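The values are calculated or read from the model by the stated rules, or taken from the named source; none is laboratory data. All values derive from a computational prediction rather than experimental measurement. Every residue, glycine among them, receives a Cβ derived from its backbone with ideal geometry; neighbour counts consider all protein chains shown.
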Amino acid sequence: MLSKTKAVVHRYNRLAANYDERWRGYLDSTLSKALEIIGPCLDDIILDAGGGTGLLPDLMLRNNCRFRQYVIADLSPKMLQRAVKTHKGDNNISYTLCDSHKLPFLSGSFTTVVSNSSLHYHQNLEQSLSEFYRVLQPSGKLIIVDWCNDPLYFKLITRTLNLTSMPYLRPISSKDLSAALNATGFKVEHLEKWYFGIFPLMILKTIK
């Protein structure tokens, strides 16, 4: 597991310099959907788990969606460095280098946890979901945007990548993710699917 985690860190350290530009269309699609679901959040304390270069809070602020405190957490130092540059001067945004399998936050620290396009890299989904549950306040929201491994063609693509160049991929179907969330204690309130190019995507809003 450690070697696969290091492989993910290495990949995103290498991609960080032009990540936002390279994946702009995909990121616009997923982050705008997340923004719709987050809704009013003036008093929210938000954890962006796998928040990378900090594009989601940037989008929120540009759309006048304010928050009390925002923590961008990521495994990649280079991605976080870009986030720091993006949000220089934003005093209510902080940055934490960490693994979502073991979050360095007290229980009940956040009103909202967001995971955008990072869950398919988690080697132990149940452990990550348990950590999200732990750090959320009662009735807190968990919003997940990720690849939807439902279509057969995409299962074949991800399986091929898993066996060749990306052995750390752990894509999941909407049914299996919903079941894992329910088993952790979350209540799924909203599930939506859409496509961006060849990517089948899903967003889930859940409540603790």
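Side notes on the structure shown:
- Annotation note: of 115, 100, the sole residue that is in contact (Cβ under 8 Å) with a residue 24 or more places away in the chain and either among the charged types (D, E, K, R) or not in a loop (DSSP other than H, G, I, E, B) (or both) is 115.
- From 70, 95, residue being surrounded by 13 or more Cβ atoms within 10 Å (Cβ to Cβ) and touching a Leu at 6+ places or on another chain (Cβ under 6 Å): 95
- Residue 22 in contact with a helix residue (DSSP H, G or I) (Cβ under 6 Å, 6 or more places away or on another chain), farther than 25 Å from residue 141 by Cβ and either at pLDDT 95 or above or surrounded by fewer than 16 Cβ atoms within 10 Å (Cβ to Cβ) (or both): no
- Residue, modelled with the lowest pLDDT, within the stretch 25-54, restricted to residues that are over 13 Å from the mean Cα position of the chain (by Cα) and in a loop (DSSP other than H, G, I, E, B): 40
- If the condition is being among the β-branched types (Val, Ile, Thr) and either touching a Ser or Thr at 6+ places or on another chain (Cβ under 7 Å) or farther than 14 Å from residue 50 by Cα (or both), then the stretch 69-111 contributes 71, 84, 86, 93, 111.
- Residues in the stretch 148-169 that are farther than 21 Å from residue 206 by Cα and of a type outside the set (A, V, I, L, M, F, W, C): 151, 153, 155, 158, 159, 160, 162, 164, 165, 167, 168.
- Residues that are in contact (Cβ under 8 Å) with a residue 60 or more places away in the chain, crowded, with 17+ Cβ neighbours inside 10 Å and in a loop (DSSP other than H, G, I, E, B), drawn from the stretch 167-208: 168, 208
- Where a residue in the stretch 128-153 is within 17 Å of residue 180 (Cβ to Cβ) and part of a helix (DSSP H, G or I) and its partner, wherever it lies, is of a type in the set (Lys, Arg) and at pLDDT 95 or above, with Cβ under 7 Å and at least six apart: 131/102; 133/208
- Residue within the stretch 76-95 that is without any contact (Cβ under 8 Å) to a residue 60 or more places away in the chain, more than 26 Å from residue 17 (Cα to Cα) and in a loop (DSSP other than H, G, I, E, B) present: no
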